[in-house]
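S.K.: Let me give you the structure first, and then I'll get to my questions.
Please treat every number below as a calculation from the coordinates, not as lab data. Fair warning: this is a prediction, and the values are worked out from it, not measured in the lab. Positions of Cβ are backbone-derived with ideal geometry, glycine not excepted, and every protein chain shown enters the neighbour counts.
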Amino acid sequence: MDDYCPPSAFVLDTSAAAEVLSWLHVYNPETFPLSQFGRVVTSSDWELFDGVEHHGSSRTDQWASLILGEMLAQSDTDTDLSSVPLSRASGCFSTAMARAYHIYGDLEAAKVCEQRLREIQGDRQFSHRTISTTDLFPAWATLTSGINAFDLREAIDVSLESARKFEARKALRDIDLHDYPELFSDSAEGRVLAFRKLSNVVANLAPETRVAASTAAIIAAAAFLVGRSTSHVFLLRTQGINVALSLIWFSLIAALAGPRHWDAKWLRASKSIERQLRNRFSWHEPSHSDICWVEYAWLKKAVSSNKGLSDVSRVFPRALAIEVIPGVTCQFRLASNDQPSNAVEQQRARAAAIRETELKSALEQLVSIAHRLRSIAGTSGAPTTSAAPPTAETVDRAGRADAPEQPSLTLSEPRAPTRTSKRKSPRKSI
């Protein structure tokens, strides 16, 4: 056992990497992917990342807050942190960027990581995400700029300035938080009323402006001011805006404001995520990914369908963990094993249709019962109104009587007129 020394990494020549992987995939499939034995990198990646000092140089607490916001934005559940599993952090773009900055502390390494994340994001073999790298880029740029906020107002100003820089929208010029001074007051009721007033203004904006990132930043700042902490994140779920993007800006404000503005749930979740970010990187430690970048890039070009990725041994059956750069892994959900696109919307539509059908059926039954009760009430009330026996005049008018024989006898009796004349004769004598 002392002589057992498994390989730590495979360094493939960049120009020959595709040929080597192709040969292994066809003639020696049991050895593909090589990631099952050790980390796989190209010679160019080795030169780029091996010489960087791995010391960690980022505010992992700020990154953890942003990752938490991305987790909430990617999930379709409510904003209750207790219902969101923290294991989803491994599938967030911000987790990969945070690890890249923490391990290498180099903008060039982070830039390579971002470019590869964008390329994977456009791969249709993986499920579509609500939040893209483009949506997250302003928050990443803000956290890596070295700006530190000293209070809540400064954190909000920095976030809104970042929104103005990366997306100059008219909404930011038309809506100003300072036009709602109650948001900065000490009255909790006044802050809530000011937030509702601002929400009504946003609801009347044009659709393209209402869902813009700049509008989401303003709503996020207003929701943060209502509770003066992360406690009122649930307010973002009640607005007709880009909820996912507003959660990103909300988490950025929380990251800049610091843990003193985090409620208990936000603090616990962020610290649990931060613990995962602080792990150090070593070339001698095995990779925890299912496949490395060079192998994924080759499979994407060489295999036309998603069969190549589905055949890779995975830790999770519906997700593939890719080592984007050495030491930085991101998890992606496979579309082949996922539900159809817009599955959540389809399920909701089907549930709404079922409820509508059931409601319609219940209303029809109620209407039918009402008609039956009305009919029964009308039938039972008939004898009470005509309790007296039918006379000849009544039978002649209605054409019917309760007894079937009475109408014929009355109408055909020849002595009826005689009786009438006899009854009239005493009247004449009188």
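S.K.: Would you kindly state how much longer the chain becomes between residue 161 and residue 28 on full extension, computed as 0.36 nm times their sequence separation minus their alpha carbon distance, in nm to one decimal?
M.R.: Gain on stretching residue 161 to residue 28: 42.4 nm.
S.K.: How many Å³ per residue does the convex hull of the Cα positions in the stretch 123-261 occupy?
M.R.: Once divided by residue count, the hull of the stretch 123-261 is 118 Å³.
S.K.: Can you figure out the FRET efficiency of residue 318 with residue 134, using R₀ = 30 Å and their beta-carbon distance, to the nearest 0.05?
M.R.: The computed FRET efficiency comes out at 0.75.
S.K.: Here is a further query. Per 0.36 nm of contour for each residue apart, how much would the distance between residue 376 and residue 280 grow if the chain were fully extended, relative to their Cα-Cα spacing?
M.R.: 26.3 nm
S.K.: Using each residue's phi in the stretch 203-215, evaluate 6.51 cos²θ - 1.76 cosθ + 1.60 at θ = phi - 60° and report the 3J(HN,Hα) Karplus result to the nearest Hz, with x for Gly and Pro.
M.R.: In residue order, the calculated couplings are 5, 8, 6, 4, x, 5, 7, 5, 9, 6, 5, 5, 5 Hz.
S.K.: Along the positive direction of the dipole of the stretch 86-152 (beta-carbon charges: Lys, Arg +1; Asp, Glu -1; about the Cα centre), which of 115, 95, 126 reaches farthest?
M.R.: The residue sitting farthest along the positive end of the dipole is 126.
S.K.: If one puts a single equal scatterer on every Cα of the stretch 201-341 and applies the Debye formula without solvent, what log₁₀ I(q)/I(0) results at q = 0.13, 0.14, 0.15, 0.21 Å⁻¹?
M.R.: Evaluating at q = 0.13, 0.14, 0.15, 0.21 Å⁻¹ gives log10 I(q)/I(0) of -0.84, -0.91, -0.95, -1.09.
S.K.: Consider a paramagnetic label point 7 Å from the Cα of residue 187 along Cα→Cβ; state which residues of the stretch 209-235 have an amide N under 14 Å from it.
M.R.: none
S.K.: Lys and Arg at +1, Asp and Glu at -1: add these up for the other residues within a Cβ distance under 13 Å of residue 145 and post the number.
M.R.: +1
S.K.: How high is the FRET efficiency from residue 228 to residue 272, r the C-beta distance, R0 30 Å, rounded to 0.05?
M.R.: On the way: r = 24 Å, r/R0 = 0.79.
Calculated transfer efficiency: 0.80.
S.K.: Show me the ranking of peptides 220-228, 110-118 by mean Cβ neighbours inside 10 Å, starting with the highest. Intermediate results must be reported in sequence, preceding the final value.
M.R.: On the way: 220-228: 24.0, 110-118: 18.1.
Packing proxy ranking, top to bottom: 220-228, 110-118.
S.K.: Here's something else I'd like to know. Which length gain, in nm to one decimal place, applies between residue 300 and residue 176 when the Cα-Cα distance is subtracted from 0.36 nm times their residue separation?
M.R.: Between residue 300 and residue 176, full extension yields an extra 40.0 nm.
S.K.: Quick one: which residues, 5 or more positions from residue 329 or on another chain, have an amide H under 5 Å from its amide H? H modelled 1.01 Å from N in the peptide plane, none for Pro or chain starts.
M.R.: Here 324 satisfy the definition.
S.K.: Using the Cβ atoms and a cut-off under 13 Å, what net charge is assigned to the surroundings of residue 190, where Lys and Arg are +1 and Asp and Glu are -1?
M.R.: Values: positive: 191, 196, 197, 228; negative: 182, 186, 189.
Value of the local net charge: +1.
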